[in-house]
Amino acid sequence: MPTLFGASERDDGSSMAARKRKVTGGVDTQRRTHHAAVVDQTGRKLGDQQFPATAVGYPQLLAWLRAFGTVVKVGVEGTGAYGAGLARYLTSQKITVVEVDTNTHIFVCLITAE
(Lines give C-alpha, C1' and ligand atoms only; values in the text may rest on other atoms or scores of the structure.)
Protein backbone atom coordinates (compact mmCIF):
# COMPACT_ATOMS: atom_id res chain seq x y z
CA MET A 1 0.00 0.00 0.00
CA PRO A 2 1.45 3.42 -0.92
CA THR A 3 2.29 5.80 1.91
CA LEU A 4 2.30 9.55 2.09
CA PHE A 5 6.06 9.61 2.58
CA GLY A 6 8.60 7.32 0.97
CA ALA A 7 11.12 5.44 3.10
CA SER A 8 13.76 8.10 2.39
CA GLU A 9 11.55 10.82 3.86
CA ARG A 10 10.84 9.15 7.19
CA ASP A 11 12.83 10.08 10.26
CA ASP A 12 12.45 6.84 12.17
CA GLY A 13 15.77 5.18 12.93
CA SER A 14 14.51 1.82 11.70
CA SER A 15 14.02 2.79 8.06
CA MET A 16 16.49 1.57 5.46
CA ALA A 17 17.24 5.18 4.48
CA ALA A 18 18.15 6.03 8.07
CA ARG A 19 20.60 3.14 8.23
CA LYS A 20 22.27 4.23 4.99
CA ARG A 21 22.37 8.00 5.59
CA LYS A 22 25.63 9.56 6.75
CA VAL A 23 25.46 11.57 9.96
CA THR A 24 27.73 13.78 12.03
CA GLY A 25 27.59 14.08 15.79
CA GLY A 26 28.47 16.94 18.07
CA VAL A 27 29.02 16.66 21.80
CA ASP A 28 28.99 19.39 24.43
CA THR A 29 31.01 17.88 27.27
CA GLN A 30 30.43 18.57 30.93
CA ARG A 31 31.82 17.01 34.09
CA ARG A 32 28.90 14.64 34.75
CA THR A 33 27.03 14.53 31.44
CA HIS A 34 27.62 14.89 27.71
CA HIS A 35 24.92 16.46 25.54
CA ALA A 36 25.01 15.03 22.01
CA ALA A 37 23.33 16.19 18.83
CA VAL A 38 23.23 14.55 15.41
CA VAL A 39 22.77 16.09 11.96
CA ASP A 40 22.44 14.67 8.46
CA GLN A 41 24.58 15.71 5.49
CA THR A 42 22.34 18.70 4.78
CA GLY A 43 22.82 20.00 8.33
CA ARG A 44 19.33 19.07 9.45
CA LYS A 45 19.22 18.29 13.15
CA LEU A 46 17.89 14.78 13.69
CA GLY A 47 17.99 14.71 17.47
CA ASP A 48 19.78 15.51 20.69
CA GLN A 49 20.13 13.67 23.96
CA GLN A 50 22.12 13.72 27.18
CA PHE A 51 24.33 10.83 28.35
CA PRO A 52 26.40 10.10 31.46
CA ALA A 53 30.04 11.18 31.11
CA THR A 54 31.22 7.71 32.09
CA ALA A 55 32.58 4.53 30.55
CA VAL A 56 28.98 3.26 30.57
CA GLY A 57 27.65 6.39 28.88
CA TYR A 58 30.15 6.44 25.98
CA PRO A 59 28.85 3.32 24.20
CA GLN A 60 25.26 4.47 24.82
CA LEU A 61 26.05 7.77 23.10
CA LEU A 62 27.67 6.04 20.11
CA ALA A 63 24.80 3.54 19.77
CA TRP A 64 22.34 6.44 19.82
CA LEU A 65 24.27 8.24 17.05
CA ARG A 66 24.44 5.04 14.98
CA ALA A 67 20.66 4.63 15.21
CA PHE A 68 20.42 7.66 12.89
CA GLY A 69 22.84 6.33 10.25
CA THR A 70 26.50 5.79 9.49
CA VAL A 71 28.57 8.05 11.74
CA VAL A 72 31.07 9.97 9.60
CA LYS A 73 32.68 11.93 12.43
CA VAL A 74 31.96 13.41 15.83
CA GLY A 75 32.90 16.89 16.99
CA VAL A 76 33.82 16.81 20.67
CA GLU A 77 34.23 19.90 22.82
CA GLY A 78 37.17 19.81 25.21
CA THR A 79 39.01 16.68 24.10
CA GLY A 80 41.79 17.58 26.53
CA ALA A 81 39.44 17.98 29.50
CA TYR A 82 35.90 16.66 30.11
CA GLY A 83 35.75 15.18 26.61
CA ALA A 84 39.03 13.24 26.81
CA GLY A 85 37.50 9.91 27.83
CA LEU A 86 34.80 10.13 25.18
CA ALA A 87 37.34 11.09 22.50
CA ARG A 88 39.50 8.07 23.41
CA TYR A 89 36.48 5.76 23.33
CA LEU A 90 35.24 7.03 19.95
CA THR A 91 38.74 6.75 18.47
CA SER A 92 39.00 3.17 19.74
CA GLN A 93 35.75 2.46 17.86
CA LYS A 94 37.25 3.82 14.60
CA ILE A 95 35.20 7.02 14.72
CA THR A 96 36.88 10.19 13.45
CA VAL A 97 36.96 12.74 16.26
CA VAL A 98 37.26 16.46 15.57
CA GLU A 99 38.14 18.75 18.47
CA VAL A 100 35.72 21.67 18.71
CA ASP A 101 36.73 24.95 20.33
CA THR A 102 34.58 25.61 23.37
CA ASN A 103 33.93 29.14 22.10
CA THR A 104 32.55 28.06 18.73
CA HIS A 105 29.12 29.68 18.42
CA ILE A 106 27.99 27.37 15.60
CA PHE A 107 28.61 24.35 17.81
CA VAL A 108 26.40 25.78 20.55
CA CYS A 109 23.69 26.41 17.94
CA LEU A 110 23.89 22.78 16.75
CA ILE A 111 23.34 21.45 20.25
CA THR A 112 20.55 23.82 21.24
CA ALA A 113 18.64 24.49 17.99
CA GLU A 114 15.22 23.02 17.42
Q: Say whether the condition of being surrounded by 12 or more Cβ atoms within 10 Å (Cβ to Cβ), modelled with pLDDT of 95 or more, within 14 Å of L90 (Cα to Cα) and touching a helix residue (DSSP H, G or I) at 6+ places or on another chain (Cβ under 7 Å) is met by at least one residue in the stretch 10-25.
A: yes
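Residue-by-condition table, conditions (1) surrounded by 20 or more Cβ atoms within 10 Å (Cβ to Cβ); (2) under 17 Å from E99 (Cβ atoms); (3) within 10 Å of the chain's Cα centre (by Cα); (4) modelled with pLDDT under 95:
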residue	(1), (2), (3), (4)
G47	no, no, yes, no
V56	no, no, no, no
F68	yes, no, yes, no
T79	yes, yes, no, yes
Q.
Given the criteria at pLDDT below 95 and either crowded, with 20+ Cβ neighbours inside 10 Å or of a type in the set (S, T, Y) (or both), does G75 qualify?
A. yes
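The values are calculated or read from the model by the stated rules, or taken from the named source; none is laboratory data. None of the values given here were measured: they were computed from a predicted structure. Here the Cβ is made from the backbone with ideal geometry for all residues, glycine too, and neighbour counts use every protein chain on show.
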